[in-house]
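Trainee: Here it is: the structure, laid out below.
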Amino acid sequence: MTADRKRLALLTRPREDSVALARALAERGIDVMVEPLLDIVALDGVAVDTAGVQGIVGTSANGIRALARVVADRSMPLFAVGDASARVARELGYTTVESAGGDVDTLAELVAARTPPSAGALLHAAGTVVAGDLAGRLGSKGFEVRRVVLYEARTATALSPALGEALAAGAIDLALFFSPRTAATFATLVRAAGAAGELARVATYGLSANVARELASLPWRSLRIAAQPTQAALLAALDDDLGSDSRV
């Protein structure tokens with residue numbers, strides 16, 4: 001990277017999910033290129049039965065957004081897997097929101113600590129593909145989980161020409177990955193484009209060990225895993241490297 005240009009970070013999350021992260025990076029003097037590797041498509045005609053439901057479990061911001069489009073009630077308690085999902089829920093008007101600050105394991109523990117199974121079923125706003133076994137973990141604690149499929153995440157089939165050009169020019173300095181699915185998709189597409197060799201200039205950050213596992217075979221300049229599976233922890237890892245300037 002030359003001294004007269006800002007660092008450029010690649011974000012592969014769906015575009016709506018990249019907005020807050022792009023803002024956080026801009027505050028650090030980092031420009032972003034958003035390359036959504038998942039296209040979120042709402043499913044039409046889905047009926048959501050909330051009778052006997054005591055609360056909502058949200059394992060993604062996309063599921064919460066999809067539920068808000070079809071169910072007007074914002075009064076039910078909503079338990080979100082992480083801080084980013086909780087923030088989206090609050091922005092959409094949900095009045096009682098708690099964040100598990102982690103993954104499906106911490107989400108199941110949070111729910112069990114806050115409410116008894118006898119209070120009613122839990123509504124899981126989900127996509128066609130889910131990560132982890134939330135229903136199994138909550139079921140083992142006596143909860144009934146109603147999974148409602150509200151959207152489909154369609155995987156990109158090729159890197160955009162703009163990203164291909166940026167990689168070839170050595171313009172990408174950082175890459176941030178938040179899910180195993182997007183990480184695996186990127187690994188497949190960058191190899192198909194014959195651009196894997198360009199990643200030797202890129203420092204990358206993965207939200208978890210599962211994410212990093214999908215990226216490990218690529219020739220990154222460096223690969224670092226967040227201390228916890230949260231955006232705040234991932235940004236803390238980035239800040240640490242920015243402070244030492246040893247990797248980025």
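Trainee: I want to check the label-to-label distance for A24 and V48. Put each point 7 Å from Cα in the C-beta direction and report it in nm to one decimal.
Mentor: 2.5
Trainee: Let me ask something else about it. Looking at region 40-153, what % of its DSSP beta bridges pair antiparallel, to the nearest 5?
Mentor: 15
Trainee: I've got another one for you. Work out the charge dipole of region 40-153 with +1 on the Cβ of Lys and Arg and -1 on the Cβ of Asp and Glu about the Cα centre, then indicate which of T59, T115, T95 is farthest towards its positive end.
Mentor: Most positive-ward Cα: T95.
Trainee: Over the Cα atoms of region 40-153, each weighted equally, I'd like the Debye log10 I(q)/I(0) at q = 0.16, 0.17 Å⁻¹, rounded to two decimals.
Mentor: Debye intensities relative to I(0), on a log10 scale: -0.63, -0.72.
Trainee: Let me check the size of the chain from its C-alpha atoms; what are the radius of gyration and Dmax in Å?
Mentor: Final numbers for Rg and Dmax: 19.1, 62 Å.
Trainee: Listed highest first by mean packing, meaning other Cβ atoms within 10 Å per residue, what order do 52-58, 188-194 come in? Let's see the in-between values first.
Mentor: Numbers: 52-58: 21.6, 188-194: 15.3.
Going by the mean number of other Cβ atoms within 10 Å, highest first, we get 52-58, 188-194.
Trainee: Helix 15-26: angle to the longest alpha-carbon principal axis of the chain, degrees 0 to 90, nearest 10?
Mentor: Once rounded, one gets 50 degrees.
Trainee: Could I ask something else about it? Express in whole angstrom the spacing between the alpha-carbon centres of region 200-234 and region 1-44.
Mentor: 16
Trainee: Subtract the Cα-Cα distance of A227 and S244 from 0.36 nm times their separation in residues, and report this length gain in nm to one decimal. Before the final figure, lay out the partial values.
Mentor: Working: separation 17, 0.36 × 17 = 6.12 nm, distance 1.75 nm.
Length gained, A227 through S244: 4.4 nm.
Trainee: Now for a separate question. May I ask you to derive the FRET efficiency for R146 and V41 from their Cβ-Cβ distance with R0 = 22 Å, giving the value to the nearest 0.05? Spell out each step's value before the answer.
Mentor: On the way: r = 22 Å, r/R0 = 0.99.
That pair, R146 with V41, gives E of 0.50.
Trainee: Follow-up. At 222 nm, what value in deg cm²/dmol follows for the chain if DSSP H runs of at least 4 each add -39500 (n - 2.57) and the sum is divided by all its residues, to the nearest 500?
Mentor: On the way: 9 runs with 90 residues, N = 248.
The per-residue figure over the chain is -10500 deg cm²/dmol.
Trainee: In what sequence do F186, F177 fall when counting other Cβ within 10 Å, fewest first? Could the numbers behind the result be given before it?
Mentor: Working: F186 24, F177 28.
Sorted ascending by nearby Cβ count, the order is F186, F177.
Read-outs: derived from the displayed coordinates by stated rules, not from any lab. On a predicted model such as this, the values are computed, not experimentally measured, just so you know. Positions of Cβ are generated from backbone atoms using ideal geometry, with glycine treated the same way; all protein chains shown enter the neighbour counts.
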